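Down below is the structure, laid out as structure tokens.
Rule-based calculations on the coordinates, nothing more; no lab input. Note that the structure is predicted; figures quoted are calculated from it, not measured. All Cβ positions, glycine included, derive from the backbone under ideal geometry; neighbour counts span all protein chains shown.
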Amino acid sequence: IREIKADSVNIDNSFAAYNVAKYLHEKGHRRVLFLPGQEGVHASKERLKGLRKFASRSTDFDLKVARVGGFEPHHGQEAIRDYLQDSGVDFTAIFAVNDHVAMGAMQELHKKGVRVPDDVSVIGFDDSVHAPYTIPALTTVSQPRIEMGSAAAQLLIERLRLTQKRVFRNIVLPTALVERESVIAI
């Protein structure tokens, strides 16, 4: 986050979301619904930015954005409930801001008789400990949490040892797509 004057360890949320859009597009998905989480949160804004960048470069990628909610499973349920009430199932895939929102969305889709992944594919973000245990197992984007923690600790140790000012450093680590069962090619 550029506005904060401190050392930081991050992922490139925009690039990660761009790659999610590319992955879904390669699987044949042309109408994707994004569940953005809470308004004003940096990660949500950056992920939407990456999706929009992909959409702007593709002639056949229709990005839809659900109403803003939060980051818990019930927010995913509410977002899907409201979206389906307003627009129906006019998408073939959902990208949720995180795994918890994706899990709530999957539950609400199930309640409405929409089958994941047969009718709608779902992908989350974070690779939470619960992601492999959903039915179907959730495809997601993994963040290198251990490496992020190690890098942050190393930056702190270096900062504490400094005797003179140093420019603040921002370390950006890569994400990885974890393919499970909730996304299929169409």
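Give me the dipole magnitude in Debye, nearest 20, for region 141-186 about the Cα centre, with unit charges on the beta carbon: positive for Lys and Arg, negative for Asp and Glu.
Numbers: 7 positive and 4 negative charges, 97 e Å.
Once rounded to the nearest 20, the dipole reads 460 debye.
Taking the number of other C-beta atoms within 10 Å as the exposure measure, put 80, 186, 11 in order starting with the fewest. Walk me through the numbers before you get to the answer.
Working: 80 28, 186 15, 11 20.
Listing 80, 186, 11 from fewest to most nearby Cβ atoms yields 186, 11, 80.
Among 68, 97, 20, 120, the ranking by other beta carbons within 10 Å of each residue's beta carbon, starting with the fewest, stands as 68, 120, 20, 97. Note on residue 156 and residue 135: the model spin-label points, each 7 Å out from Cα along the C-beta direction, lie 4.2 nm apart.
In which sequence would 150, 56 go, from the one with the fewest C-beta neighbours within 10 Å to the one with the most? It would help to have the intermediate numbers written out before the result.
On the way: 150 12, 56 9.
Taking fewest neighbouring Cβ atoms as first place, the list is 56, 150.
Length gained on full extension, residue 178 to residue 87, computed as 0.36 nm times the residue gap minus the Cα-Cα distance: 29.8 nm. For Cα extents along the principal axes in Å, the value calculated from this model appears in (1) 54, 37, 33; (2) 62, 36, 27; (3) 86, 36, 30 under label (2).
Given R0 = 41 Å, the distance between the Cβ atoms of residue 146 and residue 115 translates into a calculated FRET efficiency of 0.70.
Using the Cβ-Cβ distance between residue 4 and residue 39 with R0 set to 22 Å, the FRET efficiency from 1/(1 + (r/R0)^6) comes to roughly 0.70. Put +1 on the Cβ of every Lys and Arg and -1 on every Asp and Glu Cβ in the chain; which of 141, 107, 14 then has its Cα farthest towards the positive end of the dipole? Of the options given, the answer is 14.
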